[in-house]
Amino acid sequence: MSRRTVFIPSPLEAVHVDRIRGVDPRRLEVIHEPDILPPTRYVADHIGAPFRRDAAQAKRWREGLAGAEILWDLPRSAEDIAVATRLKWVQTTSTGVGQLVCTLGLRNSDILITTARGVHAGPLAEFVIMALLAHWRGLRHLDREQAAHRWIRYCGDEVAGRTIVLIGGGDLARGVAKVARALDMRVVAVARDPSKSRDHGALFDEIVPRGELHRTLARADAVVVTVPHTPDTERMIDAAAFAAMRKGTAFVNIARGQVVDEDALIANLCNEHVGFAALDVATLEPLPAESPLWDMPNVLISPHSASTVASENAKITDIFCHNLAAYLDGRLDEMKNVLNKELMY
């Protein structure tokens, strides 16, 4: 019986490697060599700290790529992909991998790509609601008052009854909608295809087409960007979109920085047309030190970490093990999260 080779080119805990090996030890060879992978900076760090392989390590790295039929995670360079001449399938550790797939030259290839869709929706929803609660319930005001030892009563704003507009109707929007509804918010999604069947469609009070984006933004107390970065969504939230929002609207981006015109966002934060922004992503990452966003009192910056939690790799391994069993048995139609390379998500 021929064995299928899985190569793990990004950091992964041994307990999860053992789970992968356990899917079918007779039919799988799983190559995991931690010393040729970069050291991790935090749990679920898929890139790792700066790292240089010596000649022997580089040789083993290339051999691992060259022998792999299956990869856990995408290498970050086209040169590495070119070495992987036997590659048939990659399980990625992210959801929004469309741009990386294009950069690596895989969009028009026959290589199957599956994503981590579903893993990050919960943590990102928690980040969104944390940011909105902090803004509307006045966390920074309380911090200042506590630091000054001041006990002065005040009147705040409540969350219930507010309208949250989600740019996108997919998995990330599902996660946010679930929590927002629990807080008695009205949830409106702006989607490419409003008529598409969605298991989570009942979580939205409305689903409107993108052609109604500006009209819908005018109704929002909060706007949350959840769409992937594609040619259709690049700079989708531009100066005109911000102008359509009501003064004081809260804005959260948990998608990709390229979906937003960052200069327009900064201008609208400066004049407080946008009352508050929570940004997990930026057009250029890391966010440059000279960006005015760092020092704005109405901005919360997260270093593209809102989705990263200690359980992440366990959940991705769940998806990979399911897909691996289906792949080995030829049940490709049962594999989860297959990337649509045309749509790039």
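Per-residue answers, yes or no, for (1) free of Cβ contacts under 8 Å to residues at least 12 places away in the same chain; (2) surrounded by fewer than 22 Cβ atoms within 10 Å (Cβ to Cβ); (3) within 24 Å of residue 326 (Cβ to Cβ):
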site: 94; (1), (2), (3): no, yes, yes
site: 97; (1), (2), (3): no, no, yes
site: 105; (1), (2), (3): no, yes, no
site: 126; (1), (2), (3): no, yes, no
site: 138; (1), (2), (3): no, yes, no
site: 149; (1), (2), (3): yes, yes, no
site: 157; (1), (2), (3): no, yes, no
site: 167; (1), (2), (3): no, no, no
site: 177; (1), (2), (3): no, no, no
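The conditions of being assigned to a loop (DSSP other than H, G, I, E, B), open to solvent by 70 Å² or more (accessible area, probe 1.4 Å), in contact (Cβ under 8 Å) with a residue 12 or more places away in the chain and not hydrophobic (A, V, I, L, M, F, W, C) are not met by residue 153. With respect to residue 110, is the statement that it is in a loop (DSSP other than H, G, I, E, B), under 30 Å from residue 89 (Cα atoms), within 22 Å of the chain's Cα centre (by Cα) and of a type in the set (Asp, Glu) true? The answer is no for residue 110.
Applying the criterion of being open to solvent by 60 Å² or more (accessible area, probe 1.4 Å) and in a loop (DSSP other than H, G, I, E, B) to the residues of the stretch 191-219, the residue that is farthest from residue 240 (Cα to Cα) is 199. For the stretch 220-229, filtered to residues that are within 21 Å of the chain's Cα centre (by Cα) and either open to solvent by less than 10 Å² (accessible area, probe 1.4 Å) or among the hydrophobic types (A, V, I, L, M, F, W, C) (or both), the residue that is nearest to residue 137 (Cα to Cα) is 222. For residue 296, the test of being touching a Leu at 6+ places or on another chain (Cβ under 7 Å) and aliphatic (A, V, I, L, M) is passed. The single residue among 324, 265, 328 that is closer than 25 Å to residue 94 by Cβ, free of Cβ contacts under 8 Å to residues at least 60 places away in the same chain and among the aliphatic types (A, V, I, L, M) turns out to be 265.
Remark: pairs (first residue in the stretch 1-18, in contact (Cβ under 8 Å) with a residue 60 or more places away in the chain; second residue surrounded by 17 or more Cβ atoms within 10 Å (Cβ to Cβ) and aromatic (Phe, Trp, Tyr); Cβ separation under 6 Å; 6+ apart in sequence or on different chains) = 8/72. Restricting attention to the stretch 164-178 and to residues that are in a helix (DSSP H, G or I) and touching a Leu at 6+ places or on another chain (Cβ under 7 Å), the residue that is farthest from residue 192 (Cα to Cα) turns out to be 178. Evaluating residue 249 against the criteria (1) open to solvent by 60 Å² or more (accessible area, probe 1.4 Å); (2) closer than 19 Å to residue 220 by Cα; (3) among the hydroxyl-bearing types (Ser, Thr, Tyr) leaves one unmet condition, (1). Which residues, counting only those in the stretch 25-58, are over 25 Å from the mean Cα position of the chain (by Cα), under 16 Å from residue 9 (Cβ atoms) and among the charged types (D, E, K, R)? Of everything in the stretch 25-58, those that are over 25 Å from the mean Cα position of the chain (by Cα), under 16 Å from residue 9 (Cβ atoms) and among the charged types (D, E, K, R) turn out to be 29, 33, 35, 52, 53.
Of all the criteria given as (1) assigned to a helix (DSSP H, G or I); (2) over 15 Å from residue 76 (Cβ atoms); (3) of a type in the set (A, V, I, L, M, F, W, C), the one not satisfied by residue 44 is (1).
Within the bounds of the stretch 237-246, is there any residue that is in contact with a strand residue (DSSP E or B) (Cβ under 6 Å, 6 or more places away or on another chain) and crowded, with 21+ Cβ neighbours inside 10 Å? Scanning the stretch 237-246 turns up at least one residue that is in contact with a strand residue (DSSP E or B) (Cβ under 6 Å, 6 or more places away or on another chain) and crowded, with 21+ Cβ neighbours inside 10 Å. Considering the stretch 255-281, and only residues there that are buried (at least 21 other Cβ atoms within 10 Å of the Cβ) and of a type in the set (Gly, Ala, Ser), the residue that is farthest from residue 223 (Cα to Cα) turns out to be 255. Here 181, 117 are screened, and the one residue that is surrounded by 13 or more Cβ atoms within 10 Å (Cβ to Cβ), not in a helix (DSSP H, G or I) and not aliphatic (A, V, I, L, M) is 117. Against the conditions (1) surrounded by 15 or more Cβ atoms within 10 Å (Cβ to Cβ); (2) free of Cβ contacts under 8 Å to residues at least 40 places away in the same chain; (3) in contact with a helix residue (DSSP H, G or I) (Cβ under 9 Å, 6 or more places away or on another chain), residue 38 satisfies every one except (3).
The values are calculated or read from the model by the stated rules, or taken from the named source; none is laboratory data. Just so it is clear, the model here is predicted, and its values are computed rather than measured. Don't worry about glycine lacking a Cβ; one is built from the backbone with ideal geometry, like all the others, and counts go over all protein chains shown. These area figures cover heavy atoms from the full protein model, side chains too; ligands, DNA and RNA do not enter into them. Shrake-Rupley method; radii C 1.70, N 1.55, O 1.52, S 1.80 Å.
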